[in-house]
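Single-structure report; data block below.
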Amino acid sequence: MNRMHEKIVFFERAFLFSVSLFVLLLVQTSCSGESSSTAKQWKVYAIKYGETARFNRSTLVLGAQKGETSPMAWCAWLLRGADRQILIDTGFADRKLAKKWRIAGFRTVPEALKTIGLSAEDITDVVITHMHWDHVGNVGPYKQATVWIQRREFEWARTIVSKERPTRWGIRLKDLAVLGQVERYGRLKLVGRDAQVAQGVFFRDGGAHTKAIQWVEVHTNGPSGTVALASDNAYLWENISRPVSTGSTTDPNLDIEALGRIRSEVSRPELAIPGHDPETFKRFPVVASGIVEIR
Ligand SMILES: [Zn+2]
């Protein structure tokens, strides 16, 4: 190769390199532009999949009198964005269990989603706040979704149940089996104490209701600002506003600390949403039966 030819090859390569760099930058800029617009478009919904009229209040609120009861809602939550539909917790599907817990108006979460025009296949992400059966009991229908859970919670749950003892402390071996399948398909996302699920959606470390329960922080547009889906870090509004831990925790102080973090993140106190309070469905605009938009 003569000198001139070498020079030409050099300039050609330099030219190709700068073109590909330019294309790369262009792609990155347009992607981040898309994500930031997604961040502004999150709409947050609470979905009720049943209600128990009289639930043992000492489970819901630490220190409540034995024998007192409160109504209790069974819930999941939905975040709708431009290109992601994120479901927070799945409820369960076993109607016998619904009977056992005296749940009126029971329906599965996919049945509830249908009333707002969504099918399980539309869900892109399922975020599991903790391994209790009423939160992780129906992951199966979401065949397209990435399933998010904190690694410590998942690994802890596997030490709790076994073939000999398939149900213990609200954890079920069969729910772990479904997550095992999801893992084999490469759709299980095991995360640390704090994770970003999407632009403006954060999966945060919670208290001591289970080993590593999480809650979800969502940045929305307009007056809604930041919403916190507390899940069972709080059962009722009362847990958050007083604050007082639930009666279902291994360390009330850790729950109070988590509730403090939750309260400090939200734009208005009523945007910290507890896991099981029927009042949620009276406080916000109804979009379908048992479904409200949190704003
Ligand atoms: Zn729970």
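The values are calculated or read from the model by the stated rules, or taken from the named source; none is laboratory data. This is a predicted model, so every value here is computed, not measured. When we count neighbours, we look across all protein chains shown, and the Cβ atoms used for this are built from the backbone with ideal geometry, even at glycine. These area figures cover heavy atoms from the full protein model, side chains too; ligands, DNA and RNA do not enter into them. Shrake-Rupley method; radii C 1.70, N 1.55, O 1.52, S 1.80 Å.
Here are some notes:
- Formal net charge of residues neighbouring Leu62 (Cβ-Cβ distance under 12 Å; K, R +1; D, E -1): -1
- Kirkwood Rh and Cα Rg combined as Rg over Rh, evaluated for the chain: 1.10
- Charges were assigned to the Cβ only: +1 to each Lys and Arg, -1 to each Asp and Glu. The resulting dipole of the chain about its Cα centre is roughly 620 debye.
- For the peptides 165-174, 237-246, the ranking by mean Cβ contacts within 10 Å, running from highest to lowest, is 237-246, 165-174.
- Degrees between helix 151-160 axis and first principal axis of the chain (Cα, 0 to 90, nearest 10): 40
- Our summary gives the range 41-286 a relative contact order of 18 percent, counting only alpha carbon pairs under 8 angstrom and 6 or more residues apart.
- In Hz, Karplus ³J(HN,Hα) per residue of the range 138-147 (6.51, -1.76, 1.60; θ = phi - 60°; x = Gly, Pro): 8, 6, x, x, 8, 5, 9, 7, 7, 10
- Computed from backbone phi, the HN-Hα couplings of the range 70-86 come to 9, x, 9, 9, 10, 10, 9, 9, 9, 10, 10, x, 4, 10, 9, 10, 10 Hz, rounded to whole numbers (Karplus: 6.51 cos²θ - 1.76 cosθ + 1.60, θ = phi - 60°; Gly and Pro given as x).
- Averaging the Cα positions of each part gives two centres, and for the range 36-96 and the range 257-295 these lie 9 Å apart.
- Surface share of carbon and sulfur [accessible, 1.4 angstrom probe, percent] for the range 169-295: 47
- Per residue, in Å², the accessible surface of the chain once ligands and nucleic acids are set aside, probe 1.4 Å: 49
- Each principal axis of the Cα cloud of the range 217-295 was taken in turn, and the coordinate range along them, longest first, works out to 36, 25, 16 Å.
- Site pair Arg168 and Arg268 shows an inter-label distance of 4.6 nm when each label is modelled 7 Å from Cα along Cα→Cβ.
- In order along the range 226-236, the phi-based Karplus estimate (6.51 cos²θ - 1.76 cosθ + 1.60, θ = phi - 60°) of 3J(HN,Hα) comes to 9, 10, 10, 9, 6, 6, 7, 5, 9, 8, 10 Hz; Gly and Pro are listed as x.
- Taking amide hydrogens as placed 1.01 Å from N in the peptide plane, the amide H of Thr69 sits under 5 Å from those of Arg57, each at least 5 positions away in sequence or on another chain.
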